[in-house]
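Working notes for the structure below.
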């Protein structure tokens, strides 16, 4: 039995959901009247420009439609509707790598987003349905660009600023982007880090759909300019009007694309809709973080990931709170940086990844005690399961044993939290995701829909559609159905399979046990094994490769590569470095291998399928319990095991 931490009674008294009784009241309402549950919140939370006809249309499952024919605009939902009461309230607090800070009110945000929208519309012809790729650092202009796209009805696709030019090119081409918005660079650990050159390299390889590149000056380093294609945001923005009417959007119009790795090499363009996404972003902000009037919310993610979309920009602003954007890293110039920011900005909710928690613990275990963290009420964690020692340090040292910890489980595809403690209601078991949020029908089942017995691992599925769910894979509906609705069924009908395993204990608490497919969770970011393997195979020395996840003290999971060389005599440390350079060029530094082993072959079935489960067991030092009789050459398992042990 895990130790249980109960909500602080004083905190619970005023919480949005103050008890488990209140939680079950909401969840039972959803079970009994699913459409009525969602209708109540949609009517309460969204400023509709025209009413919707139907809450949920399941006629073309799994292409579900929510709030059919309703009209709204996300920029209005996040900015305009707040202006009568919050024009002078901070919307965004920005802190740069070097400590420079800017406070941007809702009124100022409105002005800047309108100007950006007019710039895109009037100078570059951006209109409803156009795709706009953002390759941006964590600066306010990134938020302005996102919200300007929503104002015009353009579909933005943000590419994480650490991805390579090859990865950027692939995403630009798949989205058929009309314009790329970037910056000259960014400051990282006090030094300039360049971005514009990556865009130049990407567009030199492809991306013929791109008509213009809009460049924000941030670090003012010298950059190359392509005549007729490249334009200076800083020189053009002041001439724009600060009035730009927002475009009425249909509930199901695409809001954004966000590319994520899958178990095949080609990234998937996850497509999210307008109404369902923004509704759940706002609801989860209010429930999971227990938002109050004067809160200052800091999510440490990057806008290049879904966490940044939902819990830096859209969720906080739709809820009318103050959100923090941070350009730097939490350990620069020292391990107290994050805690100094919490103190200086009076931050009330702090939301970060277990990777960052482990790093901050390791590099500055006692640092939090040097700062005034008394304003903190809720601590959050995201991206991967948090281990009990990290949870305990977070709770006792950062939260002074008073703050609730919300260990949130969700995905790019889900749009927002699926399973999470509620800070005023849920008794918490460390490292346990706890219960599905009200309205979310999460079940642990076998492939045929049979409930998995208590204490045993099964498939983590969401058995009813929900408003913020993925709507499609851009341009590939068949892949959408196969990737998310091809594995598990309930009552004979396909249901959404998360790709994760999970188990439920005797108290009904859900624990996520990790990926069941060929995806590695690196620092909370999913990397498809096929994508990494495809990059490695571009090195001429490599004949075959298999990559798997390996436990990592800081990142949670690192990447381990088994390499089969064309010429075994080429094996060397220098070759390992060269292979990582290929990965960096093809994907980016986030996909670098932490370790590699040169092996004579990899275990394959007679049909040629690589048995990664065996390779995962070897790298973890586990006993090989899998059946090896189906392998083409069973002896290779023991040869590889001996090589890895000696490494």
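Annotation: peptides 284-297, 234-247, ranked by per-residue average of other Cβ atoms within 10 Å with the highest first, follow the order 284-297, 234-247.
Spin-label model, residue 123/residue 476: points 7 Å from Cα along the beta carbon direction are separated by 3.5 nm. Bridge orientation summary for the chain: considering DSSP beta bridges with both residues in this region, about 60 percent are antiparallel. In plain terms, the chain from residue 243 to residue 624 could stretch by 130.6 nm, reckoned as 0.36 nm per residue minus the Cα-Cα distance. You can think of it this way: the chain between residue 194 and residue 534 has 119.8 nm of extra reach, that is 0.36 nm per residue less the Cα-Cα gap.
Contact order, relative form, for the stretch 243-346: 20 percent (alpha carbon pairs under 8 Å, 6 or more residues apart, mean separation divided by residue count). Assuming R0 = 41 Å, what is the FRET efficiency of residue 293 and residue 485, from their Cβ-Cβ distance, to the nearest 0.05? The calculated FRET efficiency here is 0.50.
From its DSSP helices (H runs of at least four residues, each -39,500 (n - 2.57)), the chain gives a residue-normalised ellipticity at 222 nm of -8000 deg cm²/dmol.
Within the set (1) 0.99; (2) 0.95; (3) 1.02, the number that Rg/Rh (Cα atoms, Kirkwood Rh) takes when calculated for this structure is listed as (2). Quick check: Cα centre of the stretch 1-70 to Cα centre of the stretch 430-460, how many Å? Value for the Cα centre distance between the two parts: 19 Å. The calculated FRET efficiency for the pair residue 543 and residue 577, based on their C-beta separation and a Förster distance of 25 Å, comes to about 0.85.
Note: relative contact order over the stretch 519-646, using C-alpha pairs below 8 Å and six or more positions apart, is 22 percent. Starting from the Cα of residue 387, step 7 Å along the direction of its Cβ; do the same at residue 457; then give the gap between the two resulting points in nm. It works out to 1.8 nm between the two label points. Consider a paramagnetic label point 7 Å from the Cα of residue 35 along Cα→Cβ; state which residues of the stretch 424-440 have an amide N under 20 Å from it. Under cut-off, by backbone N: 439-440. Name the shape class, rounded, prolate or oblate, that the alpha-carbon gyration tensor gives for the stretch 519-646, where a ≥ b ≥ c are the square roots of its eigenvalues, rounded holds for a/c under 1.5, and otherwise prolate holds if a/b is larger than b/c and oblate otherwise. Oblate, because a/c is 1.5 or more while a/b does not exceed b/c. With a simple spin-label model that places each label point 7 Å from the Cα along the Cα-to-Cβ direction, the separation between residue 553 and residue 589 comes to 2.1 nm. Using C-alpha pairs below 8 Å separated by at least 6 residues, the relative contact order for the chain is 13 percent.
Using the Cβ-Cβ distance between residue 371 and residue 633 with R0 = 56 Å, the FRET efficiency computed as 1/(1 + (r/R0)^6) comes to roughly 0.45.
Since every read-out is calculated from the coordinates, none of them should be taken as a lab result. Because the structure is predicted, anything quoted here is derived from the model rather than measured. As a convention, Cβ positions derive from the backbone with ideal geometry for all residues, glycine included, and neighbour counts pool all protein chains shown.
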